[in-house]
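Enquirer: This is the structure I want to talk about, given as structure tokens.
The values are calculated or read from the model by the stated rules, or taken from the named source; none is laboratory data. Since the structure is predicted, the reported quantities are computational estimates derived from the model, not experimental observations. Positions of Cβ are backbone-derived with ideal geometry, glycine not excepted, and every protein chain shown enters the neighbour counts. Accessible surface is based on the protein model in full, side chains and every heavy atom, while ligands, DNA and RNA are left aside. Shrake-Rupley method; radii C 1.70, N 1.55, O 1.52, S 1.80 Å.
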Amino acid sequence: MAREYSQFILRFKWTVVLLSVIWIAIMGAGAQHLTFTNDYRVFFGEDNPQLVAFEYLQDTYSKNDNVMFVLVPDDGNVFTRETLTAVAWLTERAWGTPFSTRVESLSNYQHTAAEGDDLVVADLAYEPESLGDEDLARIREIALAEPVLVNRLVSPRAHVTGVNVTIELPGEDQTTENPQVVEFVRALAAEFEQTFAGIDVRLTGISMMNNAFPEASQYDMSTLFPLMLVMFVVVLYFWIRGFAGTIATFFIIIFSIVGAMGMAGWLGIALTPPSFSAIMIIPTMAIADSVHVLMNYVLARQRGEDKRAAMVDSIRINLQPVFLTSITTAIGFLSMNFSDAPPFHDLGNIVAMGVMIAFVLSVTFLPAVMMLLPERQRRVDSASSRLMARFAEFVIANRRRLLVGMGLGCLVLISFVPANELNDNFVKYFSERIEFRRDADFASQNLAGLYTIDYSLESGEDGGVSNPEFQQHVENFANWYRAQPEVQHVNVITDTFKRLNKSMHGDDPTRYRLPEQRDLAAQYLLLYEMSLPYGLDLNNQLNIDKSATRMTVMLHNMTTKTVLALEARAQAWLRENSPPGMQVAGASPTIMFSHIGERNIRSMLLGTTVALVLISLILVFALRSIKIGLLSLVPNLIPAALAFGVWGIFVGQVGLALSVVTGMTLGIVVDDTVHFLSKYLRARREKGLDSPDAVRYAFNTVGLALVVTSLVLVAGFGVLAFSAFVLNSQMATMTAVTIVFAIVADFLLLPPLLMALDRDKKPADSADPLMTYKTQEQSNV
């Protein structure tokens, strides 16, 4: 059947090439519908409990997506006329930021003071260009003593200050809204630095982080993707030693990318950095099929066969093994649909489509176009083949030692798997090559970071935020947090009540405490709110009926393990020291990212199990041997375990990226096992060879192709390891390590296992899907 199929393809080669191009063009037309999402929420499914809690909090209060201008004066002093004038200038113009709802800075901080019996609410630094030295000293003293400002809008050393712009995107067009914000603030920052030459500007905040996602992908596309293509072309030409095969495979790479990304567009998939990495994973996968077809074709040509006969023989031998490896690879990537992070669903689906497109092209377009392209036959040095033959003899001669040695080595490395701990740091998802990462690190070290935890603390009654008892509970919780070493700043409404109480008592420092009577607290709050200008109200801290208040805890940049431990301590404190209405879980992007790794690992355990069962059933059916099918699980499962063992030795932290690696690589590492076993069983069943000779036959026929494909896979993922998006980088690094262990297991562990467990002298002559015809005696493949 395979012979008839290949002859049909070659008979209508022009038609096949034309139909292939038309097919790819139709799929590729979907690329016009591709969009790139720039919202960090895309990493969380709609039913993610941490996302649901955070969105409820944002619906209750104002949203807190933001851009923070971090201003760094060269003289190291914020409280000068020049710097405060610059702050006022930037504050005024920042109101023009698209979708901005609030701008906060030292200049427009609403300071309260007593004038007789009146409460005066005014900008802290009004008309700063006219301030005298005494005024500057007074403003400095007030600002550095105000908990609302320190470590939020001014550093304790007064060497850095910030202008915070709150952004509330309409959500009507995510592809354009956030980029509008970023474009405006970057232009404003550039204008600021030209106007005020002695002050540097750093940009951070949630909006800048959202924009860093597409920027990381654009960086990879412009730097890594061209490098990968050039590298693949060089590797292909070196091994195939032919212009025609190299060009044909290059077209398959491009067609597979165009087809898969076009289908993503037709299916309405919004690209993210993880899913965008499919552009670099698909070429790596696409090459493997072509290499197997071309390597057998080249060997047949070297034996003197003409082009047509050589290609027919190659397709005949490789059609079903290549189909089997493509299916198992696709299953491995499709297992990523079990991930709790939707971008990995998209990555798995796009790559799975690319893998199957590459398979179709490798058994249709590739043989057809090889017949059309001119070819200059070259005699390839047989040194590689001789080396593989000697290696086979080494494995056969030392099979017992290898079985024991590999077994012990695997056990040693696997014993380090528990050294890995679940941990992550979402700011560090971006390489330091990305400007946002550098600015975010600077802001965290000198002013305020992106890590926050929000609490919506309920009083249980309308207007309950003015209840002294409730206020005291809130104050105690805030003070507990302030005593924690991980905390930079706590923004809490009780600081406002204490300041108002002080101001309403003639600015008496001893009255900087919570009001003792509820009606007084309510009156102070009403008077204060009536005095606040537009955009600086308290709806970011109080709900509509004033029954609840939002407390925001700002943290140093830290790992997810530390965040979850801190939140656990906070929950324990709340249970012991607060009324039921205040016993609520924290909600924020920090909490969301801290939980996603653990949630993803749990979901991917199920996905990997499903993939393993499906792949195992396919192998048992295809190989027509339960024993060989089950035996194949050893070299398929061990590589990922060994890779995690190595990771435990050298890194020790497993986060969101690595939680999908086992399922993803399972489908990849199966490829080598399938090709090796298919040749092994061919030798056993068709040629009647015993186990050692069958192993020798498998090494001589497919060993070199397996080395080439593994080299290509490692090189491809090795390039992706330099991604500016660290999730992609870690995923690629671990995958490359897993593939290295896979080829080691298939060469040094699988053959000794076969020779130890498959000793039947007269193997069953039953046909199977891989062997439906007899190999011609003159064929050595």
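Enquirer: Just add up the charged neighbours of Val474: K/R +1, D/E -1, any other residue whose Cβ is under 12 Å from the Cβ of Val474.
Expert: -2
Enquirer: For Ala145 and Glu191, what is the calculated FRET efficiency with R₀ set at 45 Å and r taken between the beta-carbons, to the nearest 0.05?
Expert: Using R0 = 45 Å, I get an efficiency of 0.85.
Enquirer: Next question, about the same structure. What number, in percent, do you get for the relative contact order of the range 475-595 if the mean sequence gap of Cα pairs under 8 Å and at least 6 apart is divided by its residue count?
Expert: Computed over the range 475-595, the figure is 27 percent.
Enquirer: Where in the range 347-376 does the label zone of Tyr5 land, with the point 7 angstrom along Cα→C-beta and an amide N cut-off under 15 Å?
Expert: Only 356-368 pass the distance filter.
Enquirer: Taking the solvent-accessible surface of protein heavy atoms with a 1.4 Å probe, what is the per residue accessible area of the chain in Å²?
Expert: Roughly 39 Å² per residue, with all protein chains present.
Enquirer: Follow-up. Can you compute the modelled spin-label distance between Ile247 and Asp133, with each label point 7 Å from Cα toward Cβ, in nm?
Expert: 8.1
Enquirer: Using +1 on the beta carbon of Lys and Arg, -1 on that of Asp and Glu, and nothing else charged, what's the dipole of the range 483-542 about the Cα centre, debye to 20?
Expert: 140
Enquirer: Per-residue accessible area for Trp23 at 1.4 Å probe radius, Å² rounded to 10?
Expert: Accessible area of Trp23: about 90 Å².
Enquirer: Still on this structure: Taking Cα centroids, how far is the range 5-66 from the range 628-704 in Å?
Expert: Cα centroid of the range 5-66 versus Cα centroid of the range 628-704: 31 Å apart.
Enquirer: Could you compute the net charge surrounding Val163? Neighbours are other residues with a C-beta less than 13 Å from the C-beta of Val163; K and R count +1, D and E count -1.
Expert: Value of the local net charge: +2.
Enquirer: What are the ³J(HN,Hα) values, in whole Hz, obtained from phi via the Karplus relation 6.51 cos²θ - 1.76 cosθ + 1.60 with θ = phi - 60°, for each residue of the range 350-356 in sequence order, with x given for Gly and Pro?
Expert: 5, 5, 4, 5, x, 5, 6
Enquirer: In nm, to one decimal, how far is the modelled label at Ser222 from the one at Val120, with both set 7 Å along Cα→Cβ?
Expert: For Ser222 paired with Val120, the spin-label model returns 5.2 nm.
Enquirer: If I stretch the segment between Ile26 and Asn476 completely, what's the gain in nm (0.36 nm per residue apart, minus their alpha carbon distance), one decimal?
Expert: Extra length available between Ile26 and Asn476 comes to 155.6 nm.
Enquirer: Keeping all protein chains in the complex and leaving out DNA, RNA and ligands, what accessible area do you get for Thr452 with a 1.4 Å probe, in Å² to the nearest 10?
Expert: Accessible area of Thr452: about 20 Å².
Enquirer: For the charge dipole of the range 391-508, defined by +1 on Lys and Arg C-beta atoms and -1 on Asp and Glu C-beta atoms about the Cα centroid, which residue among Asn501, Gly409, Ser444 has the Cα displaced farthest towards the positive pole?
Expert: Going by the Cα projections, it comes out as Gly409.
Enquirer: Determine, from the Cβ-Cβ distance of Thr176 and Val230 and an R0 of 35 Å, the FRET efficiency 1/(1 + (r/R0)^6), rounded to the nearest 0.05.
Expert: 0.55
Enquirer: Using a simple spin-label model with points 7 Å from Cα along the Cα→Cβ vector, what separation in nm is obtained for Val651 and Asn77?
Expert: 4.8
Enquirer: What number, rounded to the nearest 500 deg cm²/dmol, is the helix-based mean residue ellipticity at 222 nm of the chain, given -39500 (n - 2.57) per DSSP H run of at least four residues and division by all its residues?
Expert: Estimated from H runs of four or more residues: -20500 deg cm²/dmol.
Enquirer: Okay, next question. Can you send over the solvent-accessible area of Tyr429, 1.4 Å probe, protein chains only, in Å² to the nearest 10?
Expert: 10
Enquirer: Lys/Arg Cβ at +1, Asp/Glu Cβ at -1, dipole of the chain taken about the Cα centre: which of Val17, Gln218, Val674 is farthest positive-ward?
Expert: Val674
Enquirer: Here's something else I'd like to know. All other residues with a Cβ under 13 Å from the Cβ of Phe8 taken together, and with Lys, Arg as +1 and Asp, Glu as -1, what is their net charge?
Expert: Taking every Cβ under 13 Å from that of Phe8, the sum is +4.
Enquirer: If I take every Cα pair under 8 Å that is 6 or more residues apart in the range 335-462, average their sequence separation and divide by the length, what percent do I get for the relative contact order?
Expert: 7
Enquirer: Using the Cα centre of the range 25-168 as the reference point, and only Cβ charges (+1 on K/R, -1 on D/E), how large is the resulting charge dipole? Debye, rounded to the nearest 20.
Expert: Roughly 580 debye for the range 25-168.
Enquirer: May I ask which of Lys63/Lys546; Lys63/Lys498; Lys13/Lys307; Lys63/Lys561; Lys63/Lys428 have a Cα-Cα span longer than 21 Å here?
Expert: Violating the 21 Å limit, Cα to Cα: Lys63/Lys498; Lys63/Lys561; Lys63/Lys428.
Enquirer: In whole percent, and with a 1.4 Å probe on the protein chains, what portion of the accessible area of the chain is carbon and sulfur?
Expert: Result for the chain: 60 percent of the exposed heavy-atom area is carbon or sulfur.
Enquirer: Using a Förster distance of 41 Å, how high is the FRET efficiency between Leu267 and His556, based on the Cβ-Cβ distance and rounded to 0.05?
Expert: Calculated transfer efficiency: 0.50.
Enquirer: Find the relative contact order for the chain and round it to a whole percent, using C-alpha pairs within less than 8 Å whose residues are 6+ positions apart.
Expert: The value is 19 percent.
Enquirer: Turning to a different aspect of this structure: Could you size up the charge dipole of the chain around its Cα centre, putting +1 on the beta carbon of Lys and Arg and -1 on that of Asp and Glu, and report it in debye to the nearest 20?
Expert: Roughly 6020 debye, rounded to the nearest 20.
Enquirer: Ok, one more. Given [x] 191; [y] 168; [z] 179, which label gives volume of the Cα convex hull per residue in Å³ as computed from the coordinates?
Expert: Structure-derived value, by its label: [y].
Enquirer: Straight-line reach only, C-alpha to C-alpha below 19 angstrom: list the aspartates and glutamates that Lys502 could link to, leaving out same-chain residues fewer than 8 apart.
Expert: Straight-distance partners of Lys502: Glu115, Asp117, Asp118, Asp123, Glu141, Glu146, Glu469, Glu475, Glu516, Asp519, Glu529.
Enquirer: Further, regarding this structure: For the range 529-537, just list the computed ³J(HN,Hα) in residue order, Karplus coefficients 6.51, -1.76 and 1.60, θ = phi - 60°, integers in Hz, with x standing in for Gly and Pro.
Expert: With coefficients 6.51, -1.76 and 1.60, one gets 4, 5, 8, 7, x, 4, x, 10, 6 Hz.
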